[in-house]
Amino acid sequence: MHHSPVATDQVLVPIELEFLRAARTAVLATMDDRGLPRLVPICFVATSSPALLIHSPLDEKPKHVADPHDLARVRDIARRPEVSLLIDRWSEDWRQLGWLRLEGIADVIEPGGDAAGAEHAAAVAALREKYPQYETQRLEDRPMIRIRIQRGRSWGNLVGEPGSG
């Protein structure tokens with residue numbers, strides 16, 4: 001079963017959106033300063049009002065740098081905001097294989113009292129609902145990656161949860 005983007009204002013067809021929202025993780029691809037892809041697994045939430053947005057926290061899991069603004073993925077986004085996300089399902093039963101690849105423009109939003117701050121607060125609430133592990137982390141004090149999804153492409157069986165099989 002193959003799926004492709006819809007040529008209207010809708011970026012994903014309903015089955016693709018369901019697959020995305022059910023996913024627990026994705027792989028974020030940015031480009032480093034040498035033009036090489038950098039891949040990192042992320043937690044995220046997806047919202048669509050009115051545009052399809054992905055929010056991924058720069059959480060308190062151990063990092064190589066103290067300031068989340070110094071993370072390689074954040075530096076990559078500042079240099080080149082075009083990113084890709086891959087959500088996939090592997091299974092030994094190849095009839096269950098499926099993936100969704102998204103392309104978009106990323107930036108970093110900060111907590112605060114402005115419109116981006118309100119968006120940040122709503123994303124924190126959604127992240128805590130999706131991931132109970134975030135209840136004890138201070139996401140409301142940390143920056144967050146926001147991706148405006150522009151295109152999507154999928155392949156395979158998208159019925160059921162990604163990562164299951």
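The values are calculated or read from the model by the stated rules, or taken from the named source; none is laboratory data. Everything numeric in this text was worked out from a predicted model, so none of it was measured. Cβ coordinates were reconstructed from backbone atoms using ideal geometry, including for glycine residues, and neighbour counts include every protein chain displayed. Heads up: the accessible areas ignore ligands, DNA and RNA and are worked out on the full protein's heavy atoms, side chains in. Shrake-Rupley method; radii C 1.70, N 1.55, O 1.52, S 1.80 Å.
If the condition is being open to solvent by 50 Å² or more (accessible area, probe 1.4 Å), not hydrophobic (A, V, I, L, M, F, W, C) and not in a strand (DSSP E or B), then segment 134-163 contributes Glu135, Thr136, Arg138, Glu140, Asp141, Glu161, Gly163.
Take segment 36-58 and flag every residue that is surrounded by fewer than 19 Cβ atoms within 10 Å (Cβ to Cβ), over 21 Å from Arg153 (Cβ atoms) and either within 9 Å of the chain's Cα centre (by Cα) or at pLDDT below 95 (or both). Of everything in segment 36-58, those that are surrounded by fewer than 19 Cβ atoms within 10 Å (Cβ to Cβ), over 21 Å from Arg153 (Cβ atoms) and either within 9 Å of the chain's Cα centre (by Cα) or at pLDDT below 95 (or both) turn out to be Cys43, Ser49, Pro50. If I filter segment 71-92 for residues that are surrounded by 15 or more Cβ atoms within 10 Å (Cβ to Cβ), assigned to a loop (DSSP other than H, G, I, E, B), of a type in the set (A, V, I, L, M) and within 18 Å of the chain's Cα centre (by Cα), do I get at least one hit? The answer is yes; a qualifying residue exists. One residue stands out in segment 107-133 among those that are among the acidic types (Asp, Glu) and not in a strand (DSSP E or B): the one that is most open to solvent (accessible area, probe 1.4 Å), namely Glu129.
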